[in-house]
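S.K.: Can you keep this structure in mind? I'll have questions shortly.
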Amino acid sequence: MSKWLVKLCLSFPPKVGMPLPYPGTILPDRMIDTWYHGEGKGKINVEMSDETARKEERKYPSGIGWVGHGNVGVAYSIGNYVIKYTNDRSEITSAKMFRNNPLPCVVRIYDIDLIQDEPTIWSITMEKVTPASEDDIHTPEYRDGTNSIRECLRENGFRAGDVRFENVGWNKAGRLVLLDVGFTL
């Protein structure tokens, strides 16, 4: 990556308060991965009102940690759970389907809440998993696990094109599961 690009990336987040909840958990070096993981953080930052962000912070006053972001959302760790904020209706539709009819190849979805009406932002509460790493890619467990996820999704009528190491993780039972349900419909 060229030096000017690194400097640009490290100049974020802005020094002023961000509408995202828990701005103190978002470290400047986390912005570098925006170029790879998508614009979800910036999108939610622009669309989430300050009032909504502060309301979310009051729900969970401590124990919050930044997990990451993708194309359409941001995720935070809260105890044994992860809360993802998204504005993607397709992801919400998928999350509702997986909450109502869980699959063993998909992270467990516990709750889905509309937290802001205009523009629409939802929160998805899901089980916390250990994200797969780039080192996992070279193991038979990972290869078998991702093949199993793809097969499970397809057998149940879902798309499996977004199954990759950034979107899968190991649950407490040691099974590799899809943790980003956004592109399954």
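The values are calculated or read from the model by the stated rules, or taken from the named source; none is laboratory data. All values derive from a computational prediction rather than experimental measurement. Positions of Cβ are backbone-derived with ideal geometry, glycine not excepted, and every protein chain shown enters the neighbour counts.
Residues checked against (1) over 12 Å from the mean Cα position of the chain (by Cα); (2) touching a residue at least 40 places away in the same chain (Cβ under 8 Å):
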| residue | (1), (2) |
| --- | --- |
| VAL82 | no, yes |
| TYR85 | no, yes |
| ARG89 | yes, no |
| PHE98 | yes, yes |
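Residue-wise test of (1) among the aliphatic types (A, V, I, L, M); (2) in contact with a helix residue (DSSP H, G or I) (Cβ under 9 Å, 6 or more places away or on another chain); (3) loosely packed, with under 14 Cβ neighbours inside 10 Å.
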position: ASP117; (1), (2), (3): no, no, yes
position: ILE121; (1), (2), (3): yes, yes, no
position: GLY157; (1), (2), (3): no, no, yes
position: PHE165; (1), (2), (3): no, yes, no
position: GLY169; (1), (2), (3): no, no, no
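S.K.: Name the single residue, out of those in the stretch 150-185 being in a helix (DSSP H, G or I) and within 17 Å of ARG99 (Cα to Cα), that is nearest to the chain's Cα centre (by Cα).
M.R.: Going through the stretch 150-185, the residues in a helix (DSSP H, G or I) turn out to be 150-155, 165-167.
Checking which are within 17 Å of ARG99 (Cα to Cα) leaves us with 152-153.
Values: CYS152: 21, LEU153: 19 Å.
Taking the candidates together, the pick is LEU153.
S.K.: Next up: Is at least one residue of the stretch 47-60 closer than 22 Å to LYS172 by Cβ, surrounded by fewer than 16 Cβ atoms within 10 Å (Cβ to Cβ) and either modelled with pLDDT of 85 or more or among the β-branched types (Val, Ile, Thr) (or both)?
M.R.: No - not one qualifying residue is present in the stretch 47-60.
S.K.: Okay, next question. If we scan the stretch 101-121, do we find a residue that is under 29 Å from SER49 (Cβ atoms), of a type in the set (S, T, N, Q) and in a helix (DSSP H, G or I)?
M.R.: no
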